[in-house]
Amino acid sequence: METISPNDILAKAETLRNSLSTGFRDEIVKSIYSEAERVAHRAVKTASDKKYDLDQKIDRLVTSPWTGLPLMLVLLGIIIWLTVSGANVASEAIANLLFGLGDLGRNLFNQIGAPWWITGFIWDGVYLGLAWVISVMLPPMAIFFPAFTFLEDLGYLPRVAFNLDWLFKKAGAHGKQSLTMAMGFGCNAAGVVATRVIDSPRERLIAILTNNFVPCNGRFPTLIMLATVFVASAFPPALTSFIAAGTVVGVVLIGVAFTFFMSWLLSRTVLKGEASAFTLELPPYRKPNLGRILYTSIIDRTIFVLWRAMQTAAPAGAIIWILANIPYGDANLARAIADWLNPFGLILGLDGVILLAYIIAIPANEIVVPTMMMVYMGAGMMIDGPGTSAGIFDLLVNGNGWTMLTAVNLMLFALLHNPCATTIMTIYKETKSWKWATVSVVITLGLAFLVTFLTASVARLLGWA
Amino acid sequence: MYYLAAVITVALILFLPRIGLLARIKDYRAAKEREQMEDALKHLLDRENQGRHATPESIAGTLDIARDKVTRLIENIEAQGLIESRGNNLHLTAEGERWALHVLRAHRLWERYLADEARMPLNKIHGEAQRREHNFTEAQLNELDAALGHPIRDPHGDPIPSREGKMNRAEGMSITAWQADRPARIVHLEDEPALAYQQILAAGLRLGQDIRIIEKNPNRYILSDGESEFKLAPAVASNIFVSAIPESEMLKREAIPLTELAHDQRAQIVMLDDSVQGFTRRRFLDLGLTPGTTIFPELTNFFGEPRAYRVRGTSIALRNDQAAQIWVKPV
């Protein structure tokens, strides 16, 4: 018997390939589908179209301009309000617990006679960094991610993509970018990973580079603090949480506007090209599965993101403590750096302390506010600041020369500035390119400087500040 | 001391082998030179396929370089045995033709890739392929070819040379062997003998024209393209090669693009446009948009697009430029 070697088979395949018609792939898929259809027809019975009719009615409601667009805004508002008002209480409880544990640890170290700098470094630096990040980040995420997953499970999110696609098309981007933007509210790094649903490389890159323009949970605390102290304080206390949420929604919408603008700019300059292949499945509405929602949102998303944030928060906490405890002149190193940065900060309508806080907080944006408070109050570790918003107002405005311009520009800066270290790493991992990771920093930071500089200049020219 | 350090640094930056500035400039110029040579070879091949001869002037015009540089370029290529000049005319040697086909293959495979996988707009791919076609090895091209599923034609419909360096010429048969009532497309005009070729061109027949035989007898052939009639002697007509009009175009004539379907109007998918290849086609097929499938628009965005279509029990939203590539027949 003649033996056939693998090479013979390959050679035979090579010759047969040339005789194939060009449409043979279509034929293969077609035959697979007709076989599947045959099987399904034998096994599946469809009772009635009632479900389909209901889906149709809902679809018309959520995609019409008169009900669909307002609904999107209302849902966004509700989620942010839930996050803002719900997280507040939980954050405080967690903070009390964790800071209490920290006190215990510090006392223990003092009792066994450890040197002050070991106690300080470990408990006031590393541990405090972790405690801050957990207490600030965990509650909003534990509220936001289940809400997001609920809408996802319900089947509503693809409709948002459907509604907004025309805008993305105008910007030369992909409609599914609205999904990755929504994910960015939870965590920009998670949003960058979520861009995998966009299959065109050009449009995916646009989604990655602009994801940072939606503020994530880690940046909410800064926005909420500013909204509460500078905006909501002018209203009755009962309305505080609504006004704060409303202000944050406003800032978020500015961020969305920047997303479109940047996408448009990118697709006309460095990422030139036409909008391409857009296919979006609109799944039938499903009753959300509570167990799955909790599992996905808590385990896959919240814990995952928190763990990553903790890894970067610990070293950041250490550095902050060191800066605050090395004496320099008549204060400490942190104060000295802040003073040195101050002229530049003032040009941008900010100040040196804010810039310092943002430089130290590159690993984790959650610690911006405690770091600012630490420097303003001359403390040796991150602190909560005055307990009431009136106290904070007094400290910032009367004690450190803040104006309304500082508050507005800090909001803009918090919205536009560079991605956190985790997000930058994620961008590198997803694009496999340091070039694009660098571009993402340059774009955002450049825009943040430009916008704050412009608002500051305009405000000063008009005599507002 | 500082001067010495500065001088050494500058010297290193300039003269370091491989990464020094001079070495870089040399590499760059070598690559540029090779690119120019390959472009010239391609131009010669192109001319030969058109039955014309390339001249130093035509090279200068196509490559957009000065006359004196062309002379040097030609001397250079001739010295490598890739072309030979007879009078003012330039011809490819066997080796030169092999090389030219290699570059042409690279160009057309790249066009296929840019159109199908990178999904660049069609009017941009030629320029991009022009930049990328150089400095590829045979093995690299074979890999690209396999990754693209061994395409036969580039996105403009031109044949891609095979790995053996053969042009997959459009086959066809002489119109004298063609069935009288069957529509046909001219795929090749034989240019030898020249007299017959002249007559065909003078009659107004051209490549790619769709024609039909109106009358044939031993004395003459009458062909029609639907508007005008062409009368030719059988000996001349035998130099016209035709093949069947692609099935897809016949199907298209009775179909409308999916975008023109009214709301809730049911239709059957006839075919996916031939211009949809690679990634987009695979995605369409994956979604079940196969010929014969029932489809209807069920939801339209308030700005006109995207529209959602119900197909196989699922709702799939498409932008209009995608939907326009799906041909359907209302039922």
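Out of everything in region A:24-48 that is within 11 Å of chain B (Cβ to nearest Cβ) and outside any helix (DSSP H, G or I), what residue ends up being modelled with the lowest pLDDT? Among those residues, the one meeting the criterion is A:THR46.
Within region B:283-308, the set of residues being within 34 Å of the chain's Cα centre (by Cα), more than 8 Å from every other protein chain (Cβ to nearest Cβ) and open to solvent by 10 Å² or more (accessible area, probe 1.4 Å) comprises B:THR294, B:ARG307.
For region A:164-176, a residue qualifies if it is in a helix (DSSP H, G or I) and more than 7 Å from every other protein chain (Cβ to nearest Cβ), and the qualifying residues are A:LEU164, A:LEU167, A:PHE168, A:LYS170. When only residues in region B:128-143 that are open to solvent by less than 30 Å² (accessible area, probe 1.4 Å) and in contact (Cβ under 8 Å) with a residue 24 or more places away in the chain count, which is nearest to A:ALA13 (Cα to Cα)? Among them, the one singled out is B:LEU141.
Can you tell me which residue is surrounded by the fewest Cβ atoms within 10 Å (Cβ to Cβ) among those in region A:417-465 that are touching a Pro at 6+ places or on another chain (Cβ under 8 Å) and assigned to a helix (DSSP H, G or I)? Per the stated criteria, the residue is A:VAL441.
Can you find, within region B:267-287, the residue that is modelled with the highest pLDDT among those that are of a type in the set (S, T, N, Q) and either out of contact with any helix residue (DSSP H, G or I) (no Cβ under 6 Å at 6 or more places or on another chain) or closer than 11 Å to A:THR279 by Cβ (or both)? My answer is B:GLN268. Does region A:64-77 contain at least one residue that is within 10 Å of chain B (Cβ to nearest Cβ), open to solvent by less than 100 Å² (accessible area, probe 1.4 Å), without any contact (Cβ under 8 Å) to a residue 40 or more places away in the chain and in contact with a strand residue (DSSP E or B) (Cβ under 9 Å, 6 or more places away or on another chain)? No, region A:64-77 contains no residue that is within 10 Å of chain B (Cβ to nearest Cβ), open to solvent by less than 100 Å² (accessible area, probe 1.4 Å), without any contact (Cβ under 8 Å) to a residue 40 or more places away in the chain and in contact with a strand residue (DSSP E or B) (Cβ under 9 Å, 6 or more places away or on another chain). For B:ASP39, state whether it is surrounded by 11 or more Cβ atoms within 10 Å (Cβ to Cβ), assigned to a helix (DSSP H, G or I) and of a type in the set (Asp, Glu). Against the criterion (surrounded by 11 or more Cβ atoms within 10 Å (Cβ to Cβ), assigned to a helix (DSSP H, G or I) and of a type in the set (Asp, Glu)), B:ASP39 qualifies. Can you find, within region B:191-248, the residue that is nearest to B:ARG52 (Cα to Cα) among those that are open to solvent by 80 Å² or more (accessible area, probe 1.4 Å) and in a strand (DSSP E or B)? Once the filter is applied, the top-ranked residue is B:LYS231.
Within region A:53-72, being in a helix (DSSP H, G or I), out of contact with any Lys or Arg (no Cβ under 9 Å at 6 or more places or on another chain), closer than 18 Å to B:GLU298 by Cα and of a type outside the set (A, V, I, L, M, F, W, C) holds for A:ASP53, A:ASP55, A:GLN56, A:LYS57, A:ARG60. For region B:16-28, the condition holds for at least one residue, the condition being that it is in contact with a helix residue (DSSP H, G or I) (Cβ under 7 Å, 6 or more places away or on another chain) and open to solvent by less than 40 Å² (accessible area, probe 1.4 Å).
Any residue in region A:12-23 that's in a loop (DSSP other than H, G, I, E, B): show its pairings with residues that are at pLDDT below 75 at Cβ separation under 9 Å, as long as the two are six or more apart or on different chains. Sorted first by the residue in region A:12-23, then by its partner, the pairs are A:GLY23/B:GLU247; A:GLY23/B:SER248. Against the conditions (1) away from every other protein chain (no Cβ under 14 Å); (2) closer than 16 Å to B:ALA184 by Cβ, B:GLU249 satisfies every one except (1). Residues that are open to solvent by less than 40 Å² (accessible area, probe 1.4 Å) and not in a helix (DSSP H, G or I): does region A:107-124 have at least one? Looking for residues that are open to solvent by less than 40 Å² (accessible area, probe 1.4 Å) and not in a helix (DSSP H, G or I), one finds at least one in region A:107-124, hence yes. Taken over region B:254-269, the residue count meeting the criterion of being part of a strand (DSSP E or B) and either surrounded by fewer than 18 Cβ atoms within 10 Å (Cβ to Cβ) or away from chain A (no Cβ under 14 Å) (or both) is 4. Checking each residue in region A:49-61 for being surrounded by 13 or more Cβ atoms within 10 Å (Cβ to Cβ) and either within 10 Å of another protein chain (Cβ to nearest Cβ) or of a type in the set (D, E, K, R) (or both) picks out A:TYR52, A:ASP55, A:GLN56, A:ASP59, A:ARG60.
Of all residues in region A:320-331, none are in contact (Cβ under 8 Å) with a residue 60 or more places away in the chain, open to solvent by less than 50 Å² (accessible area, probe 1.4 Å) and within 29 Å of A:VAL193 (Cα to Cα).
Restricting region B:107-127 to residues that are under 19 Å from A:GLU203 (Cα atoms), touching a residue at least 12 places away in the same chain (Cβ under 8 Å) and touching a helix residue (DSSP H, G or I) at 6+ places or on another chain (Cβ under 6 Å), the residue that is surrounded by the most Cβ atoms within 10 Å (Cβ to Cβ) is B:ALA115.
With a requirement of 1 or more residues that are open to solvent by less than 40 Å² (accessible area, probe 1.4 Å) and within 20 Å of A:VAL369 (Cβ to Cβ), the helices (runs of 4 or more DSSP H) lying completely within region A:186-276 that satisfy it span A:188-194, A:220-226, A:240-268. The number of residues in region A:318-376 that are of a type in the set (Phe, Trp, Tyr) and under 21 Å from the mean Cα position of the chain (by Cα) comes to 1.
The values are calculated or read from the model by the stated rules, or taken from the named source; none is laboratory data. The model shown is predicted, which means the values in this text are computed figures rather than measured ones. For neighbour counting, all protein chains shown are included, and Cβ atoms are generated from backbone atoms with ideal geometry for every residue, glycine included. The protein model used for the area step is the full one, side chains on, heavy atoms only, and it has no ligands, DNA or RNA in it. Shrake-Rupley method; radii C 1.70, N 1.55, O 1.52, S 1.80 Å.
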